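Following: one structure in structure tokens, then a few remarks.
The values are calculated or read from the model by the stated rules, or taken from the named source; none is laboratory data. Note that this is a predicted model, so its numbers are computed, not measured. Here Cβ is always computed from backbone atoms with ideal geometry, including for glycine, and neighbour counts include all displayed protein chains. Keep in mind that these areas ignore ligands, DNA and RNA; they rest on the heavy atoms of the full protein, side chains included. Shrake-Rupley method; radii C 1.70, N 1.55, O 1.52, S 1.80 Å.
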Amino acid sequence: MVSRIGLDCVLRAAGRALSTTAGRKQRPLVAEKADHITKNNFSNVQNVRHEQAKHSVLIACPARINESKFLRYLSQHGEVASHFFFDSNGTHAVVEFVDQQSIESLLSGTKIPSDEDVYVVPYKSRYIKVKTTDVSQQFPKCWPQSCMPMNNLIEKLYTAENVEDQAHILVDELQLTEESIRLRYLVSSLMSDIATAYFPEASVHLYGSSVNSFGKMGCDLDLFLNLEDIKGYKSGKTTGGYSAEFWMRRVSSGRTAQQKILSVIGECIDSFGPGCNEVHKILNARCPLVRFSHQPSGIQCDLTADNKIALRSSELLYIYGNLDHRVRALVFTLRCWARVHGITSGIPGQWITNFSLTMMVLFFLQKRNPPVIPTLDQLKSLAGKKEKCIIDGSDCTFVNDLNRVKQTANTESLDNLLIEFLEFYGKFDFKTNCIDIRKGQEKNKPEAAALYIQNPFEQTLNISKNVNQPQLQRFVNLAQESAFVLQDQMQKSSQKEKPWGLASILLIKSSDKETTQRRKKKISASERIGSLLESLRDNGNTGKTNVDH
């Protein structure tokens, strides 16, 4: 068995950050901590990231700053483990100290601003501002927090040798960098500081794209407030026949409790959270949430409460993303393709979501012969007793250790998988069948919906219920069009006229009449041949030959 590292995405990102800073006196980030994480364990990755965030501060800096003097100033309070600068609504730095006491020392020497015209809300956080009168300043190296512009990305694709290299370029350019990951955990930690003022045993966790290994630069930050540790709190032993319990307010349901808690936390974020703007409490949604913008980082955030199934789904995607290198490459490529053509959108609506598209990719890979990845039921069968997980009555059990999953015998190339995916869904029977990664098999839809993708854990739910028929048909048409373009190019493999490879399907226009006519002509010819063979087969079965010339 080949050992696969569950921390691939962490280490690759850290490696890129370190390799691009060779020669600097201090590396912006360190990978030593990541090396000590138990491999292939999602929970351990989370724990290390959260600890890094607790030891970190967010600092607003002058546009020009002497980096070495800045670090010497901070070192008065303790050893700096890592740092980096980024530009988002001004120059900022994320600084991690070796000891948490160093942060306390820094904050104890930080003053409260004095403004004559306004009253300053005296809430102290780990988001501070540094000023300087030093004239020997320079612009620091700022790490990007957004993707390369599409035009530049297309040009970079032309430098690749083949389609597979192009796909890996997309992954490298679109995936979350080490710096962005660190910043996201720090934002989560800052929100946790606000929440624990009311609920000391609570914690704030990341889920979704930021942690599932499929996150794209600039994606939203999904957070959930975990109150389970409070519910699990037990008092001391019963003594002398007496016991004590907290007197707490009773409400009609768990949903009502979530709404009340999120309403209060949302008000605190709006009133006291430094840099938190545009706070909206969306409490009547199926999953109540607080949406806000964290201005210093430039990240849009959604905060929910007790959303443990969502975290479990994130871990499942993390495992699938690290089972085989082709999984992430295919998902990033198809997400980019779908977004460019408006199949997916950052605005809620009747579009296919990134999560739904990822489920479609996983289902397709399960259907290959041999399969590229196992089904969810197969991952469940590999789980031990300690890995059994039931959340709100839903069975969320699956193996946590990637080394216990048998390596696939499938050796298909990435370009072939891409074409096969487009053809697979270009002719998929969406009218009758639904998609289920738990079984890895099509089955009849349990209810009418344009696109039915079964929730892997809450199996009575359709995660693509929002998609309407016109949007689904746009996806099918584009899949057919793109498959034809790629196949046509594969037949001319020696020619690389622009656009070629992935660039050709990113730039393709659905209104390209010439391409559409050629595709229809090819499909029509295939259908005629198929009809002829069917006729011969039927006539052979009846002992007759009736071929029209």
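Scan segment 49-63 residue by residue and report those that are under 28 Å from residue 315 (Cα atoms) and either open to solvent by 40 Å² or more (accessible area, probe 1.4 Å) or not in a helix (DSSP H, G or I) (or both).
Scanning segment 49-63 gives 51, 54, 55, 56, 57, 58.
Cβ-Cβ distance below 8 Å, separation of 6 or more or different chains: which pairs start in segment 275-295 with a residue that is without any contact (Cβ under 8 Å) to a residue 40 or more places away in the chain and end on one that is charged (D, E, K, R) and open to solvent by less than 40 Å² (accessible area, probe 1.4 Å)?
Matching pairs, first to second residue: 289/302; 290/302; 291/302.
Filter segment 185-202 for residues that are open to solvent by less than 30 Å² (accessible area, probe 1.4 Å) and modelled with pLDDT of 90 or more and give the result.
185, 186, 187, 188, 189, 190, 191, 192, 194, 195
Suppose we filter segment 229-258 for residues that are in a helix (DSSP H, G or I) and either open to solvent by 70 Å² or more (accessible area, probe 1.4 Å) or at pLDDT 95 or above (or both); how many remain?
Counting residues in segment 229-258 that are in a helix (DSSP H, G or I) and either open to solvent by 70 Å² or more (accessible area, probe 1.4 Å) or at pLDDT 95 or above (or both) gives 3.
Filter segment 45-78 for residues that are among the β-branched types (Val, Ile, Thr) and farther than 23 Å from residue 113 by Cα and give the result.
Answer for segment 45-78, where residues must be among the β-branched types (Val, Ile, Thr) and farther than 23 Å from residue 113 by Cα: 45, 48.
Mind listing just one residue for me: the one in segment 448-471 that is part of a loop (DSSP other than H, G, I, E, B), within 21 Å of residue 349 (Cβ to Cβ) and free of Cβ contacts under 8 Å to residues at least 40 places away in the same chain and, of those, farthest from the chain's Cα centre (by Cα)?
448
So, in segment 394-414, exactly how many residues are open to solvent by 70 Å² or more (accessible area, probe 1.4 Å) and not β-branched (Val, Ile, Thr)?
Matching residues across segment 394-414 total 4.
Looking at residue 407, is it touching a strand residue (DSSP E or B) at 6+ places or on another chain (Cβ under 9 Å), closer than 30 Å to residue 386 by Cα and either touching a residue at least 12 places away in the same chain (Cβ under 8 Å) or assigned to a strand (DSSP E or B) (or both)?
no
Can you tell me which residue among 339, 335 is free of Cβ contacts under 8 Å to residues at least 12 places away in the same chain, within 25 Å of residue 165 (Cα to Cα) and either in a helix (DSSP H, G or I) or not aromatic (Phe, Trp, Tyr) (or both)?
339
Go through (1) closer than 14 Å to residue 181 by Cα; (2) out of contact with any Pro (no Cβ under 6 Å at 6 or more places or on another chain) for residue 85 and report which single condition fails.
For residue 85, the exception is condition (2).
Every residue in segment 447-485 that is open to solvent by less than 30 Å² (accessible area, probe 1.4 Å), under 19 Å from residue 503 (Cα atoms) and either touching a Cys at 6+ places or on another chain (Cβ under 9 Å) or not hydroxyl-bearing (Ser, Thr, Tyr) (or both), please.
Residues satisfying the conditions are 475, 478, 479, 481, 483, 484, 485.
Do we find that residue 267 is among the charged types (D, E, K, R), open to solvent by 30 Å² or more (accessible area, probe 1.4 Å) and part of a strand (DSSP E or B) in this structure?
Against the criterion (among the charged types (D, E, K, R), open to solvent by 30 Å² or more (accessible area, probe 1.4 Å) and part of a strand (DSSP E or B)), residue 267 does not qualify.
Which ones in segment 324-381 are β-branched (Val, Ile, Thr) and either out of contact with any Asp or Glu (no Cβ under 7 Å at 6 or more places or on another chain) or farther than 21 Å from residue 412 by Cβ (or both)?
327, 331, 333, 340, 343, 344, 347, 352, 353, 358, 361, 375
Kindly establish whether residue 154 is in contact (Cβ under 8 Å) with a residue 60 or more places away in the chain, in a helix (DSSP H, G or I), over 19 Å from residue 298 (Cα atoms) and not aromatic (Phe, Trp, Tyr).
Yes: the conditions hold for residue 154.
Taking the conditions exactly as written (out of contact with any Leu (no Cβ under 7 Å at 6 or more places or on another chain) and under 30 Å from residue 380 (Cα atoms)), does residue 284 satisfy them or not?
Considered against the rule, which asks whether it is out of contact with any Leu (no Cβ under 7 Å at 6 or more places or on another chain) and under 30 Å from residue 380 (Cα atoms), residue 284 comes out as no.
Hey, can you tell me all the residues within segment 111-151 that are among the acidic types (Asp, Glu) and either in contact (Cβ under 8 Å) with a residue 24 or more places away in the chain or surrounded by 14 or more Cβ atoms within 10 Å (Cβ to Cβ) (or both)?
Matches in segment 111-151: 134 only.
Given the criterion open to solvent by 40 Å² or more (accessible area, probe 1.4 Å) and either assigned to a helix (DSSP H, G or I) or of a type in the set (Phe, Trp, Tyr) (or both), identify the matching residue among 164, 179.
None of the others qualify; the one that does is 164.
I want to confirm something. Restricting to segment 317-370 and keeping residues that are within 17 Å of the chain's Cα centre (by Cα) and small (Gly, Ala, Ser), which single residue is most open to solvent (accessible area, probe 1.4 Å)?
346
Pick out the one residue from 375, 304 that is in contact with a Pro (Cβ under 8 Å, 6 or more places away or on another chain), buried (at least 19 other Cβ atoms within 10 Å of the Cβ) and under 26 Å from residue 44 (Cα atoms).
The unique qualifying residue is 304.
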